[in-house]
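The values are calculated or read from the model by the stated rules, or taken from the named source; none is laboratory data. All values reported here derive from a predicted model rather than from experimental measurement. Here the Cβ positions follow ideal geometry from the backbone for every residue, glycine too, while neighbour counts run over all protein chains shown. What goes into the accessible areas is simple: the full protein's heavy atoms, side chains included, and nothing from ligands, DNA or RNA. Shrake-Rupley method; radii C 1.70, N 1.55, O 1.52, S 1.80 Å.
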Amino acid sequence: MSDQEYNPKMLSAKMKLLERFRARAPQPETAADHRRLPPGQHLTPGFPVLDLGVRPPINRETWRLEVTGEVEQPWFFSWEEFRSLPRLDLVRDFHCVTSWSKYDVRWSGVQFRTVAERVGLKPTARFVIASGAEGYTTNVPLEDCLREDVILADELEGQPLPLEHGGPVRLLVPHLYAWKSCKFLRGLRFAEQDEPGFWEVRGYHNYGDPWREQRYSRG
């Protein structure tokens, strides 16, 4: 998908909406609150939606998750197969690189480790390349994806994950900036070499740790 297919006016409008969210958001008052909020972030009372303006329709009957690459057994999960896997509920804070944060977001889904165990990882697997249905990709080190709170989320606040938040399934990597939590998830490829994705090749930091403010590349 080319850059021209994304709508810059839509992104600009959403950035203005973000400013309004930020202006009316309650901000940390105690020392504990400040320790919880990464540097440069602002709390939001809502859940802003900032995407590329391309949202594939949800169709669980045709949805497939392709898990390929440096694995012993590539797997193509149907919706029914995915939903039959063991599930994990968790509550985590969510941090966007555009400087908003939302506390205590409740997610449910399949632990990333479960999928990795199902396909069997080769010793050469070192990175995960996540791809969404709109052509978006992002890269995450394998060791980060194997943390216990990284999931393939299909529920948000007890309801099916809505389209605007990446439904029917999105990757959730809560300890990194939200662009690493790939929306509209369709593929996970285990790779030996790192492969920077859509935003990483456009100047975003290759890792994206909110606590180190790794927003943009310096190189």
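Spin-label model, Leu142 to Glu157: label points 7 Å out along the Cα-to-beta-carbon direction sit 3.7 nm apart. Solvent-free Debye calculation, one equal scatterer per alpha-carbon of the stretch 110-152: log10 I(q)/I(0) at 0.34 Å⁻¹ equals -1.23.
Loop-located GluC sites (Glu not before Pro) in the stretch 85-155 (DSSP state not H, G, I, E or B) with no more than 13 neighbouring Cβ atoms inside 10 Å: Glu148. Distance from the Cα centroid of the stretch 150-186 to that of the stretch 75-119 is 6 Å (rounded to whole angstrom).
Every Cα-Cα pair in the stretch 64-178 was counted, and those over 18 Å apart are 50% of them. For the stretch 120-219, the mean projected area of the C-alpha convex hull, equal to one quarter of the hull surface, is 7.0 nm².
What FRET efficiency comes out for Gln73 versus Glu195 if R0 is 22 angstrom and r is the Cβ-Cβ distance? Round to the nearest 0.05.
Values: r = 22 Å, r/R0 = 0.99.
About 0.50, to the nearest 0.05.
Straightening the chain between Arg113 and Val49 buys 20.3 nm, computed as 0.36 nm per residue apart minus the Cα-Cα spacing.
What a 1.4 Å probe finds exposed on the stretch 90-219 is 46% carbon and sulfur by accessible area, rounded to a whole percent.
In plain terms, the chain from Asp89 to Arg60 could stretch by 8.3 nm, reckoned as 0.36 nm per residue minus the Cα-Cα distance. Here the convex hull built on the C-alpha positions of the stretch 62-108 has a volume of 145 cubic angstrom per residue. The order of the peptides 72-82, 195-205 by mean Cβ neighbours within 10 Å, most packed first, is 195-205, 72-82.
Out of every Cα pair in the stretch 170-219, what percent are spaced more than 19 Å from each other? Provide the component values of the computation, followed by the final result.
Working: 338 of 1225 pairs.
Within the stretch 170-219, distances greater than 19 Å cover 28 percent of Cα pairs.
Please list, by residue number, every one of the trypsin sites (Lys or Arg not before Pro) in the stretch 119-189 that is coil in DSSP and has at most 14 other beta-carbon atoms within 10 Å.
Working: sites: Arg126, Arg147, Arg170, Lys180, Lys183, Arg186, Arg189; in loops: Arg126, Arg147, Lys183.
Hits after loop and neighbour filter: Arg147.
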